[in-house]
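In what follows, a structure is listed as structure tokens, so that the remarks can point back to it.
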Amino acid sequence: MPEMMNTREVAEYLRLKERKVYELVAARLIPCTRVTGKWLFPKTLIDLWIIQNTDCQPVLRLAVTLPPVIAGSHDPLLEWAVREAGGDLALLFDGSLAGLTRMAARQALACGLHVFNPATGRYNLDLIQQTLAGLQVVALEWAWREQGLMVAAGNPLAIEGLTELRNPRVRFVDRQEEAGSHLLLQHLLKEQGMTLAELHISLSPARSEMEVALAVLEGKADAGFGIAAVARQLRLEFIPLHKERYDLVVGRRDYFEPPWQRLLTFARSARFAARSAELGGYDITEFGQIIYNAP
């Protein structure tokens, strides 16, 4: 089965009728996300959902000591802040959906994510409620970020937006399916009446936005989708297309522990504000605002 299953595929995988899958979706009882008008089901989250709905579920809910890892989507400002705060936190950037899966499986302390739900117009909240249902978690705003196209310095192919990506000369590098950037790109393409199939993708999916930027910098691709801060780090041209919210979700108990509080304290410092301005493409005005507190 593919990593992102459609309704028919997940019904076959679970040996259910498609009508039953739609009933589970309507009741918000199965992990899913709506992209370009279709329901998609991350296979990793479905596997975890199966485990959580077996007789061993109470065992999975026992309080355990979690590895001090922030999983999820890459963010340059977060990476720098974790290092400069001098705490005991480690980073494992592997995409928003994969990060949530690790957190739900109790393999990570926290997760960074930026997943837009076109059906509700909200960032992250719907997916957090679905994926981490039953867990005592808190989600807070980290920053708003500029998302857009990264192209070579001087923009030699005169790319101004998504429509130019139809040009056969433009080689595009995409992200893995679990990445929030990949899901957002699909949404923005749909708004332009386009699909990923119209893009000329010759490379394997990049596992981070830095990999996207390096592919453009090294001439292996002509354009990629990512945030302004990464493009600026590698001195690439950047065409802004969208502003997104990047959030952090962490266990409620761990929120008050020293490693997390040390990070939050540092992120309220003048050094942090200066670094966000230096990187560019960030708005940290509402940093720390609680956007979700599990019941």
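The values are calculated or read from the model by the stated rules, or taken from the named source; none is laboratory data. Everything numeric here is computed off the predicted structure, so don't read it as measured data. Neighbour counts are summed over all protein chains in view; Cβ atoms, including those assigned to glycine, are modelled from backbone coordinates with ideal geometry.
The requirement of being of a type in the set (A, V, I, L, M, F, W, C) and without any contact (Cβ under 8 Å) to a residue 60 or more places away in the chain is fulfilled nowhere in the range 235-252; no residue meets it. Do the conditions hold for residue 223, that is, is it closer than 21 Å to residue 73 by Cβ, surrounded by 18 or more Cβ atoms within 10 Å (Cβ to Cβ), touching a Pro at 6+ places or on another chain (Cβ under 8 Å) and in contact (Cβ under 8 Å) with a residue 60 or more places away in the chain? It is false that residue 223 is closer than 21 Å to residue 73 by Cβ, surrounded by 18 or more Cβ atoms within 10 Å (Cβ to Cβ), touching a Pro at 6+ places or on another chain (Cβ under 8 Å) and in contact (Cβ under 8 Å) with a residue 60 or more places away in the chain.
Please work out which residue is farthest from the chain's Cα centre (by Cα), limiting yourself to the range 147-158 and to residues that are surrounded by 20 or more Cβ atoms within 10 Å (Cβ to Cβ) and either assigned to a loop (DSSP other than H, G, I, E, B) or of a type outside the set (Gly, Ala, Ser) (or both). Among them, the one singled out is 151. Scanning the range 251-295 for residues that are touching a Gly at 6+ places or on another chain (Cβ under 8 Å), part of a loop (DSSP other than H, G, I, E, B) and either outside the structural domain of residue 107 (by TED's automatic domain parsing) or exposed (fewer than 14 other Cβ atoms within 10 Å of the Cβ) (or both) turns up just one, 268. The set of residues from the range 162-199 being buried (at least 21 other Cβ atoms within 10 Å of the Cβ) and among the hydroxyl-bearing types (Ser, Thr, Tyr) comprises just one member, 181.
Residue pairs whose Cβ atoms lie under 7 Å apart, sitting 6 or more positions apart in sequence or on different chains, and linking a residue in the range 122-144 that is in contact (Cβ under 8 Å) with a residue 60 or more places away in the chain to a partner that is of a type in the set (Phe, Trp, Tyr) and in a loop (DSSP other than H, G, I, E, B), are 141/287; 142/287; 143/287. Residue-level analysis places residue 133 outside the set of residues that are assigned to a loop (DSSP other than H, G, I, E, B), in the same structural domain as residue 185 (by TED's automatic domain parsing) and of a type in the set (A, V, I, L, M, F, W, C).
Among the residues making up the range 190-235, those that are acidic (Asp, Glu) and in contact with a strand residue (DSSP E or B) (Cβ under 9 Å, 6 or more places away or on another chain) are 209, 211, 222. Taking strands (runs of 3 or more DSSP E) as the structural unit, those lying wholly within the range 3-117 and holding at least 2 residues that are of a type outside the set (Val, Ile, Thr) and at pLDDT below 90 correspond to 38-42.
Restricting attention to the range 112-129, the residues that are buried (at least 20 other Cβ atoms within 10 Å of the Cβ) and of a type outside the set (A, V, I, L, M) add up to 5.
A Cβ distance below 9 Å, combined with a sequence gap of six or more or placement on separate chains, defines the contacts here; from the range 1-14, residues that are more than 24 Å from residue 180 (Cβ to Cβ) reach no residue that is crowded, with 17+ Cβ neighbours inside 10 Å and basic (Lys, Arg). Residue count for the range 162-217 under the criterion of being free of Cβ contacts under 8 Å to residues at least 60 places away in the same chain and either among the charged types (D, E, K, R) or in the same structural domain as residue 93 (by TED's automatic domain parsing) (or both): the result is 8.
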